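These notes concern the structure reproduced below.
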Amino acid sequence: MTITTIAHLSEHVGETVTLRGWLYNRRSSKKLHFLQLRDGSGIVQCIATLAHFGEERFPEIGAIGYESSVMITGSVRADERAPGGFEVEAQEVEVVAATTEEYPISLKEHGPDFLLSNRHLWLRSRKQVALMRLRDQVIRSIRNFFHERDFLNIDAPIFTPAACEGTTTLFEVDYFDDEKAYLTQSGQLYMEAAAMAFGKAYCFGPTFRAEKSKTRRHLTEFWMVEPEMAYATLDDVMDLAEDMLQRIVDDVLAHRRADLEVLERDIEKLERVKKPYPRISYSDAVEELNGAGHAFEWGGDFGAPDETELSAKYDAPVLVHRYPQEVKAFYMRRDPDDDRVALGVDVLAPEGYGEIIGGGEREPDLEVLRERIAAHDLPEESFQWYLDLRKFGSVPHGGFGLGLERTVCWLAGIEHVRECIPFPRMLYRIYP
RNA sequence: UCCCCGGUAGCUCAGCGGUAGAGUAGGUGGCUGUUAACCACUUGGUCGUUGGUUCGAAUCCAACCCGGGGAGCCA
């Protein structure tokens, strides 16, 4: 007997196959049960008839609870009446394990609290399966992209001895005798070391932010890709960010169209994302905001409404570069042409999804860096190794960090980043 | 930390001083192919907690707890 998955049913029309999955939904009439089977690869309608199963077995099949695990053997046929175009005429229905109680998640609407508390089950839902598949594609595209460009994957540590940037709140953990460690909020400093060793490197791992942010754009644990290149300028960084984003969009459109449809994504909007992406300076962006009747003073960082306003007029992500030096991290290089600004870039996703990338050129000069560390009240002793990178063959270099879940959120066109990670960790929510 | 909104059946919600409701899920019965099937009947509740006002509180007031959205901060 051929065992297959629902995604491959079209290759088995006319054959008898066995599918192994879970009962997703059921509709019944006197002589027919329509069993909708879900196996992770798709959903298919299986027909169980009274004529085949008889007076005893037929009602039993009609009583199988939702999400019971079942194996169905039957013949595959194309049928226009079936959702998806194929259906299976069941010859055998074997219940592997009947549900022991009523499955809590229905096909009707649910609230976020309930769904998040049942995340382990919510993941079985159609939209969530499509979303996780999309996430997988984005991860794969990113890794392929960097691999093809000769970046070495060098992962950064999760435990770190001190803050990378000092500004945001860190999760503190005990590290053996009396020592404190922190969960990383960025692998960037380590990637700078990696870039000096390998030329081009990237890390891709979880990062942790103990910020008390409760918005649709925030998670306390999220995944970030951080490439870093030696001998690179701000323009190189912006080119890299643009190429990577375009690669992701192209791959998603090429390979995950069916999932985008399940997610009810407006695909046309993604199709309009084309290089080159608009690049505007922070100063021009401020003028643009003021011109749009959106009062904003030069010197501050943009808030979420400002970002939405800025990205609203473009189809593609917009690159905003050369922010005031004061609002940026200590390691950002100052613009030699304008001392007030740093050679940094933020990429704002379209449709109000906000900042998905932050990066730029790093300060290569040892003394400037020392002053900057002091000015930010950071403990210099924690950064000795980092300063070493400037002592031994410092070069212009740069990179960026891309927030995976925000990117997936934008591509999928959904409301909240919490759905874009399998098990979200948020302020006041760490279960399941 | 601050500002708004909410907590009533397993779930989604209505009720907003006078006997606790609907849809859905569960149960029973019906239906020749359903598309979140449909039709009939039916089980199911310390109205978040504590205190107060009142003849009477799910409903009004206070405090607390829990959740949601947003600000700040960030990807």
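What the table below lists for this structure:
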| read-out | value |
| --- | --- |
| Phi-based couplings in Hz for the range A:288-294 (Karplus 6.51, -1.76, 1.60; Gly and Pro marked x) | 4, 4, 5, x, 8, x, 10 |
| MRE, 222 nm, helices only [DSSP H, n ≥ 4, -39500 (n - 2.57), over chain A, to nearest 500] | -9500 deg cm²/dmol |
| Built amide H within the under 5 Å cut-off of A:G354, gap 5+ | A:A349 |
| Per residue solvent-accessible surface (Å²) - chain A, probe of 1.4 Å | 47 |
| Lys, Arg +1 and Asp, Glu -1 on Cβ, resulting dipole of chain A about Cα centre, debye, nearest 20 | 1520 |
| Computed label-point distance, nm, for sites A:D236 and A:Y431 using a 7 Å Cα→Cβ extension | 5.0 |
| Length-normalised contact order for chain A - Cα pairs under 8 Å, 6+ apart - percent | 14 |
| Stretch gain in nm, segment A:D178-A:A63, where the contour uses 0.36 nm per residue and the Cα spacing is subtracted | 35.5 nm |
| For the range A:396-407, Karplus couplings with θ = phi - 60° (6.51, -1.76, 1.60), whole Hz, Gly/Pro x | x, 7, x, x, 8, x, 10, x, 4, 5, 5, 5 |
| With all protein chains modelled, accessible area of A:T18 [1.4 Å, Å²] | 20 |
| Extension reserve of the A:R279-A:E371 stretch, reckoned as 0.36 nm per residue once the Cα distance is removed | 30.1 nm |
| Förster radius 30 Å - calculated FRET efficiency between A:E92 and A:F423 (Cβ-Cβ, nearest 0.05) | 0.25 |
| Sequence-distant residues sharing a close amide H with A:Q91 (under 5 Å, placed H) | A:T73, A:G74, A:S75 |
| Full-stretch length increase - A:A162, A:R77 - with 0.36 nm per residue and alpha-carbon distance subtracted | 24.4 nm |
| Calculated from backbone phi, Karplus (6.51, -1.76, 1.60) coupling profile of the range A:219-226 in Hz, x at Gly/Pro | 10, 7, 10, 8, 9, 9, 9, 10 |
| Amide H contacts of A:Q36 (H built 1.01 Å from N, under 5 Å, at least 5 apart or other chain) | A:Y24, A:N25, A:R26, A:R27, A:C46 |
| With all protein chains modelled, accessible area of A:E89 [1.4 Å, Å²] | 50 |
| Nearest-0.05 FRET efficiency for A:Q384 and A:K313, computed from C-beta distance (R0 51 Å) | 0.65 |
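The values are calculated or read from the model by the stated rules, or taken from the named source; none is laboratory data. Fair warning: this is a prediction, and the values are worked out from it, not measured in the lab. Cβ sites come from the backbone with ideal geometry, for glycine too, and all protein chains shown count toward neighbours. For the accessible areas, the whole protein counts, side chains as well, though only heavy atoms, and no ligand, DNA or RNA atoms are used. Shrake-Rupley method; radii C 1.70, N 1.55, O 1.52, S 1.80 Å.
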